Amino acid sequence: MFVLGVDTATDHAVVGTTADGDVVHEASIDPGSDGRPRHSEVLLAEIERSVEAAGGWSRIDRIAVGVGPGSFTGLRIGIATARALAQARDLPLAPVGSLAALARGISEAAAEDDLALPVFDARRREAFAALFQTGRELWPPFVAPPGELATRVRELNRAVLAAGDGALRFGADLEVAGATVAPPGNPIHRVAARYVCAVGEAVAEAPADQIQPLYLRPPDAKRWRERDRGVPRG
């Protein structure tokens, strides 16, 4: 099966294609010199390059798209692009948890019995996280401040390997709780397109119009409107 994988949940968007699990092409779209994500500028061009490397759109059997949690703007761009391509090319679309894709890479680097803890920096002094064991989800994605995440990790009393930009930001909290945080610069801190494809090949397809971003919390704009109207936050 040829799979096109796209994930835009973080500042570093990824695109790639695999054939029966083997990587055909992989690319990472890094932020620009100003630090801003470039998803809207180069995503389509990178998709076309990945598809061309696989032999053209006629070879693609499925599109896998990361649904988050992550950046509001990034997720909207990636999901809207994948939905439009799936509908235009009459291709099945598979929703992939972005943390699940990150966990796939962590699990490959972890010891056999280690749990994989993918953690994204959710800003606002919070983290998006989940917990996996050899691909099986133990904790579904959630958002929490670092202290709460550390408490949950401590209560596991198990060997845990953590990675992701959130694991780097809140590494001190996680290590005090007993987790091992992968060293800075280790590639497992980023979602890889190959793992988006791998998870996307295994999950059930869904109608394009039913694939929605996993936000976990309201956007900043909504919070600001509620603040300005004096609406209390729960």
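The values are calculated or read from the model by the stated rules, or taken from the named source; none is laboratory data. Not measured: the values here are computed from a predicted model. Counting neighbours? That spans all protein chains shown, and the Cβs are built from the backbone with ideal geometry, glycine included. All accessible areas refer to the heavy atoms of the entire protein, side chains included, with ligands and DNA or RNA removed. Shrake-Rupley method; radii C 1.70, N 1.55, O 1.52, S 1.80 Å.
Descriptive notes on the structure:
- Inter-residue pairs, beta-carbon under 8 Å, first farther than 21 Å from ASP113 by Cα and in the stretch 167-189, second open to solvent by 50 Å² or more (accessible area, probe 1.4 Å) and outside any helix (DSSP H, G or I), 6+ apart: LEU168/PRO184
- Condition broken by SER28, with the remaining ones in (1) of a type in the set (S, T, N, Q); (2) farther than 17 Å from GLY200 by Cβ; (3) in contact with a Ser or Thr (Cβ under 8 Å, 6 or more places away or on another chain) satisfied: (3)
- No other residue among ALA122, ALA127, ALA88, ALA100 is touching a helix residue (DSSP H, G or I) at 6+ places or on another chain (Cβ under 8 Å) and closer than 24 Å to ASP209 by Cβ apart from ALA100.
- First in the stretch 101-121 and closer than 12 Å to ALA167 by Cβ and among the charged types (D, E, K, R), second anywhere and at pLDDT 95 or above and crowded, with 22+ Cβ neighbours inside 10 Å, Cβ under 6 Å, 6 or more apart: ASP121/GLY166
- The set of residues from the stretch 51-105 being closer than 17 Å to GLY21 by Cα, of a type in the set (Gly, Ala, Ser), open to solvent by 30 Å² or more (accessible area, probe 1.4 Å) and part of a helix (DSSP H, G or I) comprises just one member, ALA53.
- Residues located in the stretch 39-50, provided they are among the small types (Gly, Ala, Ser) and crowded, with 21+ Cβ neighbours inside 10 Å: SER50
- Leading residue by the ranking (modelled with the lowest pLDDT) among those in the stretch 204-234 that are surrounded by 14 or more Cβ atoms within 10 Å (Cβ to Cβ) and of a type in the set (A, V, I, L, M): ALA208
- So ALA179, is it under 17 Å from ALA129 (Cα atoms) and either modelled with pLDDT under 95 or crowded, with 24+ Cβ neighbours inside 10 Å (or both): yes
- The stretch 3-38 - residue that is in a strand (DSSP E or B) and charged (D, E, K, R) and, of those, most open to solvent (accessible area, probe 1.4 Å): ASP22
- When the stretch 134-158 is filtered for residues that are open to solvent by less than 30 Å² (accessible area, probe 1.4 Å), within 17 Å of ARG217 (Cβ to Cβ) and not in a strand (DSSP E or B), the ones remaining, listed by number, are PRO146, LEU149.
- If you go through the stretch 159-184 and keep only what is part of a helix (DSSP H, G or I), of a type in the set (Gly, Ala, Ser) and either in contact with a helix residue (DSSP H, G or I) (Cβ under 7 Å, 6 or more places away or on another chain) or more than 17 Å from ALA144 (Cβ to Cβ) (or both), you end up with just ALA167.
- In the set VAL199, VAL191, only one residue is assigned to a helix (DSSP H, G or I) and at pLDDT 95 or above; that residue is VAL199.
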